[in-house]
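Throughout, read-outs are computed from the coordinates displayed, never taken from laboratory work. What you see is a predicted model; the values in this text were computed from it and never measured. No Cβ is skipped: glycine too gets one built from the backbone with ideal geometry, and neighbour counts run over all protein chains shown.
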Amino acid sequence: MSSLYTLIDNAPLDRRNTFRVSARAAWLAEVRAPAALSELLAKPETRGRPVLVLGEGSNVLFTREFDGLVVAMTNRGIEVLADEGETVHVHAAAGEDWHGLVRWSLAQGLCGLENLSLIPGTVGAAPIQNIGAYGAELAETLTAVEAFDRQAHAQVRLNREQCGFSYRQSLFKQQPDRWIITAVELRLQRSAPLKLDYAGVREELTAMNVTQPTAKGVSEAVCRLRRRKLPDPAVIGNAGSFFKNPIVTSDEAARLQREHRGLPSFNAPDGKKLSAAWLIESCGWKGFREGGAGVSDKHALVLVNHGHATGAQIWALAQRIRDSVQERFDIRLEPEPRIL
């Protein structure tokens, strides 16, 4: 066994996904260094098998066993690559905790990640989904991704443009069987305009008696909002927002808002982004429960596992929700988590 990775057969995954659903993998590799990937993927027991890269499992729903290799990058390390005064370039290993990286950046007096506070998962998982929250996206600060290219069987560095980022989308999500992210590079600032216009942020800062917001203050406001609105996966199984907010044309948004008073919309590059939570709640799903599978009574966008729901049961409920929204609004919701 290599000192750079640990390989486990018939590995349980119930503690490796935040839905806490039961599943097993034929093989699980905990990889402590990117240099181990070439050797690992060439081993007879792993060669040719499907590969799933898993961080904290906060963006995946297992509906069955996984007859392949699960790769968990556990490499650690955050370092400054270059300090240009106002701009600081940072390198973070894939195995680092995402919120831990946000807190590290704030402790260094750096701006750019504060609106992405308390998002569960690892640094390596962040580019796959192009994580975003409270008016910010990872793509705004990311400059490069280091990854193992399974097609070329080599370690590569992709700049931001090569990553194909868009709303909750990336090259890595489009080609999940090709890439294993090993690190990211970020461009952060010592001072930058704060993003305060997303719903609830300014109000939370006011409630905190903050009159001159800082990046740390915005981070605290976002954390308070998330803790209040979203159930804690440590308490009840969930993967955060289950559906993407749909994007429609401005004309379509205007029509829907005429027909359905109160439907929120936000500006998006290709039109208007609608609130998936509002659509789901309007169909009566908030707080719904059937057996162990349900919808959070805190936030209609969050599906939950009340105890012993299977992934298949949660996915069946998600499809019923999607169908009801489509029937009422003629909008088809897309899931955020990867469904296996």
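Quick notes on this one:
- Projected label points at residue 162 and residue 206, each 7 Å from Cα along the beta carbon direction, are separated by 4.7 nanometres.
- For the range 98-109, backbone phi angles converted through the Karplus equation (6.51, -1.76, 1.60; θ = phi - 60°) give residue-by-residue couplings of 4, 5, x, 5, 4, 5, 4, 4, 5, 5, 8, x Hz, Gly and Pro being listed as x.
- On the basis of the beta-carbon distance and an R0 of 22 Å, residue 178 and residue 270 show a calculated FRET efficiency of 0.25.
- Amide H to amide H, with H built 1.01 Å from N, residue 122 comes under 5 Å of 56, 98, counting only residues 5 or more places away or on other chains.
- Distance between the range 50-119 and the range 278-321 - C-alpha centres, whole angstrom: 28
- Length available on full extension from residue 2 to residue 152: 0.36 nm per residue minus the Cα-Cα distance, which gives 51.7 nm.
- Per-residue ³J(HN,Hα) for the range 49-63, Karplus 6.51 cos²θ - 1.76 cosθ + 1.60, θ = phi - 60°, Hz, x for Gly and Pro: 7, x, 10, 10, 8, 10, x, 8, x, 8, 9, 8, 10, 7, 9
- Shape call, the range 193-340: gyration tensor on alpha carbons, a/c limit 1.5: oblate
- Length released on extending from residue 45 to residue 326, taking residue separation times 0.36 nm less the Cα-Cα span: 96.8 nm
- Cβ crowding within 10 Å averaged over residues, with 162-168, 248-254, 297-303, 129-135 ranked highest first: 297-303, 129-135, 162-168, 248-254
- Taking a ≥ b ≥ c as the square roots of the eigenvalues of the alpha carbon gyration tensor, the range 86-186 is prolate, as a/c is not under 1.5 and a/b beats b/c.
- Each peptide in 275-285, 316-326, 138-148, 114-124 gets a packing score, the mean of other Cβ atoms within 10 Å over its residues, and the list from highest to lowest is 114-124, 138-148, 275-285, 316-326.
- Calculated FRET value between residue 261 and residue 35, using beta carbons and R₀ = 56 Å, to 0.05: 0.45
- With 26 Å as the limit on Cα-Cα distance, the pairs of 229/272; 173/286; 173/298; 173/216; 244/298 that go past it are 173/286; 173/298; 173/216.
- Gyration tensor verdict on the chain (Cα atoms; rounded if a/c is under 1.5, prolate if a/b is larger than b/c, oblate otherwise): oblate
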